[in-house]
Structures are given as C-alpha cells and as structure tokens.
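Structure first, commentary second.
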C-alpha cells in the first residue's frame, strides 16, 4: 500500500488536480482535516471508504491510522489543504512513515497564495516592479521562527510578502512592515480563497488592519503586502517582447 499526501487545493473542490482526484477515488482510506478540506471532496472517495477527520488527532494518532491502513493492505489518500510543500506539517508524518517502512508519495496542489492572487486578479511578479515573493508567517502561538526570518528582517528586502496564519495578528504585521514599506504600500487580505464565502480586502498598509477587523477575518486567510499589488506602470515582460529573438532552438 501507499500513502498519498494530496494537496486538496485552497478550498474550491474543483481545484484539486486530476491526479489527486484520481488517487482519492481509488483509495479505500482517506484522512482529511475536516476544518480545512472541502467536504465535497469526500464524495469522490470510493463507496465504503474509511473516512478519518484528523482535526482533533495528534501526530501519533494520525500515524497509527496510517500504520493500520498499511497492515490492512489499503492505499491512503491523506488530504492536506493547499499544497503539501508549504505549512502543511507533512515532514513529521513522512519521518514516521520512513521509520515504519511505509511507502508514500506527494501530489502537489494549488496553494492558498496562488488562489488569493487569482481572486485579486494580480500577477505577483511584475517586470521592473518586483520579481521576488516571500512566503512566511509570524511566530505567535506556533513554533518560533528561525533567526533572521522575522518580519523586520524580511521586510528590508522590499519584496512582496505573503503571510499565512497571521490574520489574527494583523496589527503586529502592519507595525513591523510599516518602516520598510511605508503607509501607502498596497496590501490585500484574501480569506477562504476560491470558496463561495470568499472575502477579498484591498487597501494600503495603513488601512488594511481596520478592514480585516471590520470583516471579522481571523483565520483561513493570507495577507499580502508589496508594490506589485498596485503596479500600473511597468515594462512588458521580455518573454513576449517584440524585440526578443525568436530564432528556432538548436539552429
């Protein structure tokens, strides 16, 4: 048997990949985070599948479910919101599977920041304005950030910053980024990206906190701060430039 760590996407059930949906439909066991994964996806599981909501389980209980499925000879669809490569806590699960000799694969998914950018109708990298995106979070009630990865340090780059798990602490985010980005820097918050109850807030660094509080956004959201969010004057990309040499490759 194999455990498939599947990126379920940002919220909309139809944003799971074709590969992820195919594996979900073929796996007799499905572990999912009930508070984050769209319930509509569970309808894709085969009839009679064992469905386990991991929202209230610790890592050892989750591992026990995976080991049990392996002993029974069943493949497992382990659904994670967004993409497993970012803030998904798959590392500790894979480590335990390695120790138990249980095979696994990772199936990418649409990350929350990509869905948020789509809702904002913005490309996050804009020629001559910004070509770097920093994906990060802040240390509050979660694991401490490594040295040099605090907002004050990251903010010195001036790059577009995308913050996960930080909407509840938006005042702190604004306070730490203001010295580096300025009060007029474009900012946005997208909560429940791609879902029917999606909330999209646009403003500047000095106004976004008030909007977040007024909308009651405290979770399942990303905060974005950077000049590319408001870029209107920029050079066309070299990719499609009329001046680019488009000679045949290998000629």
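None of the figures in this text is laboratory data; all of them are computed from the coordinates on show. From a predicted model like this one, the values you see are computed outputs, not experimental measurements.
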Give the percent of DSSP beta bridges with both residues in the chain that are antiparallel, rounded to the nearest 5. 45 percent
What area, in nm² and to one decimal, does the C-alpha convex hull of the stretch 162-220 cast on average over all directions? 3.7 nm²
What's the center-to-center distance, using Cα atoms, between the stretch 154-203 and the stretch 2-38 in Å? 28 Å
222 nm mean residue ellipticity, helices alone, for the chain (DSSP H n ≥ 4; -39,500 (n - 2.57); rounded to 500): -7500 deg cm²/dmol
Rounded tilt (10° steps) of 170-181 against the dominant C-alpha axis of the chain: 40 degrees
Calculate how steeply helix 59-71 sits against the longest principal axis of the alpha-carbon atoms of the chain, using the helix alpha-carbon long axis, and give the answer as 0 to 90 degrees to the nearest 10. 50 degrees
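For the stretch 3-107, give the share of DSSP beta bridges that are antiparallel, in percent and rounded to the nearest 5; count only bridges with both residues there.
5 percent
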Cα-Cα P(r), the stretch 112-230, percent of pairs per 10 Å interval: 14, 51, 32, 3
Here, the stretch 73-157 modelled as identical Cα point scatterers in vacuum has Debye log10 I(q)/I(0) at q = 0.22 Å⁻¹ of -1.20
If you line up the long axis of helix 91-100 against the longest principal axis of the chain, both from Cα atoms, how many degrees apart are they, to the nearest 10? 30 degrees
Taking the stretch 3-107, the equivalent ellipsoid from its C-alpha gyration tensor has semi-axes in Å, biggest first, of 19, 15, 13
Once the chain is represented by equal point scatterers at the alpha-carbon sites, with solvent omitted, what log10 I(q)/I(0) does the Debye formula produce at q = 0.10 Å⁻¹? -0.58
